[in-house]
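To keep things clear, I will list the structure first and then write my remarks on it.
The values are calculated or read from the model by the stated rules, or taken from the named source; none is laboratory data. As the structure is a prediction and not an experimental result, all values here were calculated from the model. As a convention, Cβ positions derive from the backbone with ideal geometry for all residues, glycine included, and neighbour counts pool all protein chains shown. Ligands, DNA and RNA are excluded from the accessible area calculation, which covers all protein heavy atoms including side chains. Shrake-Rupley method; radii C 1.70, N 1.55, O 1.52, S 1.80 Å.
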Amino acid sequence: RSKRSQPITMSKYEIVSTTKVAGGGTYQRVKHESTSTKTSMTFGLFLPSTHATKPVSETTPALFWLSGLTCDDTNFAMKAGPAAFAAAEEQSIALVLPDTSPRGEGVPNEDSYDMGIGAGFYVDATEEPYAANYKMYTYVTEELPKLVEDAFQVGTVKSIAGHSMGGHGALTIAMKDPRSWAAVSALSPICNPTQVPWGEKAFSAYLGSVGAGMEHDATELLKSLDLSLFDDILIDQGEDDEFLKDQLKPEALLAAAKDSAQKVTVNMRPGYDHSYYFVSAFIKDHVAFHGERLNKAQGMLRASSSSYDFSETTGKPIKCKAMVARAPKEPLTEEEITVDPPKEGEVRVKVIANALLLPLDRKS
């Protein structure tokens, strides 16, 4: 794992814009001064309508979305937002949409779409001239989650997904720290970056060598697993993707998965390319995949943090309402009863909630 070089403090932020979107949620763009990249950074934030009415003691679960080469924080929102926001609203989860690199005056760049600005590769650069600003691993895994949790009450429970370079980032970030992420998925990810031109170029420039990128290679990380980190890792890949053979290599990830304990589901989609048309076609499936796991993890967190003080009733009779039938075949009636303290070998249980399940009449 990349090590934190300095304490991550609360960033000052400015909400640049707020837009209401279909379904009742809102999409915001937020600008802040980053302690990781030492630049201004802007990210997108979708908040479902339920965010406004959630308990103050909870945060809204969040899916972090990492975009691909040449993108900024707006590409996903503009090109896949209508489908993604509607799906996130249905799941009552937030979406956090970071930029793909630092930007601004003085930020090192190259005249190439696959290096520099728009191509941070989600690593912490160690080599000059990139080391000072290109700290995208720390930004995505530490600084941004802290900011959205502290300032917006979002993401105590979080998951991660992405496309292309962002798919690479999502897979490796989740595999390196599975306890921090409830789920991971990807669309058209760079699965074996140490073996393809995009990864070789990025790792050499940012980390000093291709070998240094092994700890940021999803296939290599999967090879080293002797246990399952997630119940499933979902990947969708277009069969007509122009980068499939030379840059993405999902077959390498699948081969590694066969020899590991981790389940990986790769759906090959006939006719689809690498574009946002492909992302838009399947983003609802991915949001639903994350929503199910985020909400389950949120429920588990809620249950583990619930506490009740029984000190006032311990060893004493208590009065409560109960539905009582005094004889066989007699109707139930609501009564106030007295429950004595439990004797040896007995327990007294406080019921928080119950439900009645009825069979579904398929004809109705």
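Can you give me the accessible area per residue for region 126-224, using a 1.4 Å probe, in Å²?
27
Between Glu344 and Lys54, how high is the FRET efficiency from 1/(1 + (r/R0)^6) when r is the Cβ-Cβ distance and R₀ = 41 Å? Nearest 0.05.
So, using R0 = 41 Å, E works out to roughly 0.45.
Pick from Pro129, Pro145, Pro331: which is most flexible by mean-square fluctuation in a GNM of the chain where alpha carbon atoms under 10 Å apart are linked?
Pro331
Search the structure for amide H atoms under 5 Å from the amide H of Gly155, placed 1.01 Å from N in the peptide plane, and list their residues when 5 or more places away or on another chain.
Amide H neighbours of Gly155: Thr60, Ala62.
Kindly rank 49-56, 96-103, 184-191 from highest to lowest mean number of other beta carbons found within 10 Å of each residue.
Most protected by this proxy first, the peptides run 184-191, 96-103, 49-56.
Give, in nm to one decimal, the length gained when the segment between Glu14 and Arg179 is fully stretched (0.36 nm per residue of separation minus the Cα-Cα distance).
Working it through step by step, the gained length comes to 56.4 nm.
Which whole-number percent gives the relative contact order of region 12-142, counting Cα pairs below 8 Å spaced six or more residues apart?
24 percent.
Given that compact globular proteins tend to follow 2.2 N^0.38 Å, what is the ratio of the alpha-carbon Rg of the chain to that value?
Here the answer is 1.19, to two decimals.
How much mean residue ellipticity at 222 nm does the chain get from its helices, if each DSSP H run of length 4 or more adds -39500 (n - 2.57) and you divide by all residues, to the nearest 500 deg cm²/dmol?
Computed mean residue ellipticity for the chain: -8000 deg cm²/dmol.
Please calculate the 1.4 Å probe accessible area of Lys343, with all protein chains present, and give it to the nearest 10 Å².
Surface accessible to solvent at Lys343 totals approximately 150 Å².
Heavy atoms only, probe 1.4 angstrom, no DNA, RNA or ligands counted: give me Lys319, Lys12 ranked by accessible area, highest first.
Final ranking, largest accessible area leading: Lys12, Lys319.
Hey, could you pull the Cα Rg and Dmax for region 1-118, both in Å?
15.6, 49
Describe numerically, in nm with one decimal, the distance between label points set 7 Å from Cα along Cα→Cβ at Asp226 and at Lys245.
3.9
For a bin width of 5 Å, list the pair-distance distribution of region 106-157 built from all Cα-Cα distances, rounded to whole %.
5, 20, 22, 18, 13, 12, 8, 2
Starting from the Cα of Tyr113, move 7 Å in the Cα-to-Cβ direction to define the label point; list residues of region 155-194 whose amide nitrogen is under 14 Å from there.
It comes to 164-165, nothing else.
Say each of Thr26 and Ala322 gets a label point 7 Å from the Cα, pointing the same way as Cα to Cβ; how far apart are those two points in nm?
With each label point 7 Å from Cα toward Cβ, the separation is 4.9 nm.
Which ³J(HN,Hα) values, rounded to whole Hz and listed in residue order, are derived for region 60-70 from phi using the Karplus coefficients 6.51, -1.76 and 1.60 in 6.51 cos²θ - 1.76 cosθ + 1.60 with θ = phi - 60°, glycine and proline given as x?
7, x, 9, 9, 8, 10, 9, 8, x, 3, 6
If you build a Gaussian network model of the chain, linking Cα atoms that sit under 10 Å apart, which residue out of Thr39, Thr19, Thr219 swings the most?
Thr19
So for each of 132-141, 205-214 I average, over its residues, the number of other beta carbons within 10 Å; can you give me the resulting order with the highest mean first?
Numbers: 132-141: 24.3, 205-214: 17.4.
Output ranking for 132-141, 205-214: 132-141, 205-214.
Could you compute the FRET efficiency for Met78 and Glu200, with r as their C-beta to C-beta distance and R0 at 30 Å, rounded to 0.05?
The calculated FRET efficiency here is 0.45.
Residues of region 27-68 with amide nitrogen under 14 Å from the 7 Å Cα-to-Cβ point of Ser305?
54-62
Note down the relative contact order for the chain as a percent, whole number, built from C-alpha pairs under 8 angstrom at least six residues apart.
Here the relative contact order equals 14 percent.
Cα gyration tensor of region 167-218, axes a ≥ b ≥ c as square roots of the eigenvalues: rounded (a/c below 1.5), prolate (a/b > b/c) or oblate? Walk me through the numbers on the way to the answer.
Values: a/c = 3.09, a/b = 1.70, b/c = 1.82.
Note, shape of region 167-218 comes out oblate.
Please state the Cα pair-distance histogram of region 62-123 with 10 angstrom bins from zero: what percent is in each bin?
22, 44, 24, 9, 1
Each residue of region 329-344 in turn: what ³J(HN,Hα) in whole Hz from Karplus with 6.51, -1.76, 1.60 and θ = phi - 60°, glycine and Pro shown as x?
6, 7, x, 6, 10, 7, 9, 8, 10, 10, 10, 6, x, x, 8, 4
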